[in-house]
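Visitor: Mind having a look at this structure? Questions to follow.
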Amino acid sequence: MSNSGSRATFFRQSGWMAFAAMGGGVFNLLASLVVFKMGAEVNAFDTALAALAILSMPALGIQTAFAAQAAVADSQDQTNALAATMRSAYLWIGMGWLVIAGLCFAFSNHLVQLYNLNSPAVLWVFLAMVLVTLWSPIPNGVLQGRQDFLWFGAGTLLNGAGRFAALAAAVHVFKLGSLGTLVGALAGSLAVLLLVAGRTLGIIRHRGGKTDWRLFLRRAVPLTLGLGTLVLLMQADALIVREKLQSQMTDAETVGYTAARRIGQVLVFVVGAVVAVMYPKVARGLKTSEGGDALKLTVGLTAVISVIGAVITSVIPQFPLRILAGSTASPESARLVVAYVWALAPLAISNVLVWNLMARERFKTVPVLMLIAGGCWFALRAYSDRLMAVVTVVGVFSTLMMVVSGVLTLLDYRKNRATSATAAVNA
């Protein structure tokens, strides 16, 4: 395919994924409006989602490993092997989840008290969400790897629409209160799982293949650790604030902080839609122009989206804040919105760079990325006396992640050029 055709396809697929992400984001915003009507209880829901993201970090490795395998599954034997791996993954994840559920049952009283949960039922609904979240990457990864972005994007769109509809019904129709927010989120996630799993039924029915677990885990484990560093940077602050500051915060401060986090994360989620298009292209064409071209286009789009979004939000921080929290948020919340947007803007660019390194299977970079994420976790625990201090820590380590991943990407690019030049001379 020509470069112009490749770019046109990239922009078309990126446009659809961006539309799906924004559509899902609009429905998630509507769902947030439902939740924010509950006042300070919204923080419990937000913390649960942050904890879910951290506990489900293996989902990142699973999805990207399946995307990489599906991207090159062109022959019948490769498709059979992909199907066998899918079946085995569903089984082993389910068994691992039973172990986690058993541990949570044994320590349920301690967990309920530690995170100030209103009811043990919240814990059990949360566990069901973990299972759905860990199963969903299997079919999602296959769709992404096969570049079936129509259905992959439809799942993204349904995730927001389903969550909004189910959450509104649980809270307003069935009057389940804070528990209803999690029930609604679970129902929305389950609807997505059924959609994407149904789309991949034709693949999983293939028989005769064998699972190469050594190859799969050699991808999945470093992918989980590498991409998990991005999740930790974006979500860890919610758990620290819930544990250390929640008891000292007023309802207005709690609502304002939660709204500021949501607004700041919007850029990262929008960029994620473009990254989803880039990953299988890089994984499929490690030594072709398509992979390098996809990276350049994605970095460019990310930089533009991040800077424009951060500038606009900085000029009118009260506008998105008023949409989410109304007049409930404290006067300091607008400053938090601006701080969060700029703190997470570097993380949006880091997303592209780290995903590129993982797509190219540059797994030797993972320990460096883990060191940055670990440093962020310890710094958050040490400097969590004020909300602005928490945001500052997130911003410092997001910027550090962007710089380090950028340097690693540049070194990898130069190494590839040197290797290609040597090969050309020898030829």
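Visitor: Criterion first (surrounded by fewer than 23 Cβ atoms within 10 Å (Cβ to Cβ) and either touching a residue at least 12 places away in the same chain (Cβ under 8 Å) or farther than 13 Å from Ala31 by Cα (or both)) does Leu167 satisfy it?
Guide: On the way: surrounded by fewer than 23 Cβ atoms within 10 Å (Cβ to Cβ): no; either touching a residue at least 12 places away in the same chain (Cβ under 8 Å) or farther than 13 Å from Ala31 by Cα (or both): yes.
Considered against the rule, which asks whether it is surrounded by fewer than 23 Cβ atoms within 10 Å (Cβ to Cβ) and either touching a residue at least 12 places away in the same chain (Cβ under 8 Å) or farther than 13 Å from Ala31 by Cα (or both), Leu167 comes out as no.
Visitor: Ok, one more. Filter region 172-190 down to residues that are on the phi < 0 side of the Ramachandran plot, more than 22 Å from the chain's Cα centre (by Cα) and open to solvent by 20 Å² or more (accessible area, probe 1.4 Å), then give me how many there are.
Guide: The qualifying residues number 6.
Visitor: Would you be able to say whether some residue in region 107-115 is under 15 Å from Leu215 (Cα atoms) and under 27 Å from the mean Cα position of the chain (by Cα)?
Guide: We begin by selecting, within region 107-115, every residue under 15 Å from Leu215 (Cα atoms); these are none.
So far as region 107-115 goes, no, none of its residues is under 15 Å from Leu215 (Cα atoms) and under 27 Å from the mean Cα position of the chain (by Cα).
Visitor: Picking from Ala329, Ala334, Ala359, which residue would you name as being in contact (Cβ under 8 Å) with a residue 40 or more places away in the chain, over 18 Å from the mean Cα position of the chain (by Cα) and surrounded by 16 or more Cβ atoms within 10 Å (Cβ to Cβ)?
Guide: Only one candidate passes the filter, namely Ala329.
Visitor: Separate question: Taking the conditions exactly as written (open to solvent by 70 Å² or more (accessible area, probe 1.4 Å), acidic (Asp, Glu) and either on the phi > 0 side of the Ramachandran plot or in contact (Cβ under 8 Å) with a residue 12 or more places away in the chain (or both)), does Asp148 satisfy them or not?
Guide: No; evaluated as a whole, the condition is false for this residue.
Visitor: Might you check whether a residue that is in a helix (DSSP H, G or I), farther than 29 Å from His206 by Cβ and in contact (Cβ under 8 Å) with a residue 24 or more places away in the chain occurs anywhere in region 77-90?
Guide: Within region 77-90, none of the residues are in a helix (DSSP H, G or I), farther than 29 Å from His206 by Cβ and in contact (Cβ under 8 Å) with a residue 24 or more places away in the chain.
Visitor: Suppose the filter is closer than 19 Å to Ala166 by Cβ and small (Gly, Ala, Ser); does Ala67 pass it?
Guide: no
Visitor: Go through region 116-138 and give me each residue that's open to solvent by less than 70 Å² (accessible area, probe 1.4 Å), assigned to a loop (DSSP other than H, G, I, E, B) and either over 30 Å from Thr85 (Cα atoms) or β-branched (Val, Ile, Thr) (or both).
Guide: Within region 116-138, Leu117, Ser119 meet the criteria.
Visitor: Output yes when any residue across region 53-67 is in contact with a Lys or Arg (Cβ under 6 Å, 6 or more places away or on another chain) and either open to solvent by 20 Å² or more (accessible area, probe 1.4 Å) or touching a residue at least 24 places away in the same chain (Cβ under 8 Å) (or both), and no when none is. Quick ask: steps written out before the conclusion?
Guide: Looking only at region 53-67, we keep the residues that are in contact with a Lys or Arg (Cβ under 6 Å, 6 or more places away or on another chain), and these are 65.
Filter once more, keeping what is either open to solvent by 20 Å² or more (accessible area, probe 1.4 Å) or touching a residue at least 24 places away in the same chain (Cβ under 8 Å) (or both): 65.
Within region 53-67, one or more residues are in contact with a Lys or Arg (Cβ under 6 Å, 6 or more places away or on another chain) and either open to solvent by 20 Å² or more (accessible area, probe 1.4 Å) or touching a residue at least 24 places away in the same chain (Cβ under 8 Å) (or both).
Visitor: Specify which of the listed residues (Trp92, Trp97, Trp16) is over 21 Å from Gly180 (Cα atoms) and either open to solvent by less than 20 Å² (accessible area, probe 1.4 Å) or modelled with pLDDT under 85 (or both).
Guide: Working: Trp92 fails: either open to solvent by less than 20 Å² (accessible area, probe 1.4 Å) or modelled with pLDDT under 85 (or both); Trp97 fails: either open to solvent by less than 20 Å² (accessible area, probe 1.4 Å) or modelled with pLDDT under 85 (or both).
So the residue among Trp92, Trp97, Trp16 that is over 21 Å from Gly180 (Cα atoms) and either open to solvent by less than 20 Å² (accessible area, probe 1.4 Å) or modelled with pLDDT under 85 (or both) is Trp16.
Visitor: If Gln69 satisfies all but one of (1) touching a Gly at 6+ places or on another chain (Cβ under 7 Å); (2) more than 26 Å from Glu361 (Cα to Cα); (3) not hydrophobic (A, V, I, L, M, F, W, C), what's the number of the condition it fails?
Guide: (2)
Visitor: Still on this structure: Of Ser384, Ser420, which residue is at pLDDT below 95, open to solvent by 30 Å² or more (accessible area, probe 1.4 Å) and small (Gly, Ala, Ser)?
Guide: When all the criteria are applied, what remains is Ser420.
Visitor: When you scan region 207-226, do you find a residue that is touching a residue at least 60 places away in the same chain (Cβ under 8 Å), under 27 Å from Leu117 (Cβ atoms) and open to solvent by less than 10 Å² (accessible area, probe 1.4 Å), even just one?
Guide: no
Visitor: Consider region 241-260. How many of its residues are of a type outside the set (D, E, K, R) and either over 30 Å from Val354 (Cα atoms) or surrounded by fewer than 20 Cβ atoms within 10 Å (Cβ to Cβ) (or both)?
Guide: 10
Visitor: Taking the conditions exactly as written (surrounded by fewer than 18 Cβ atoms within 10 Å (Cβ to Cβ) and of a type in the set (Val, Ile, Thr)), does Val42 satisfy them or not?
Guide: no
Visitor: Can you name every residue in region 111-138 that is β-branched (Val, Ile, Thr) and touching a residue at least 24 places away in the same chain (Cβ under 8 Å)?
Guide: Matches in region 111-138: Val122, Val125, Val130, Val132, Thr133, Ile138.
The values are calculated or read from the model by the stated rules, or taken from the named source; none is laboratory data. Note that the structure is predicted; figures quoted are calculated from it, not measured. Glycine gets a Cβ as well: all are built from the backbone with ideal geometry, and neighbour counts include every protein chain shown. Quick note on the areas: whole protein, heavy atoms, side chains included, nothing else; ligands and nucleic acids left out. Shrake-Rupley method; radii C 1.70, N 1.55, O 1.52, S 1.80 Å.
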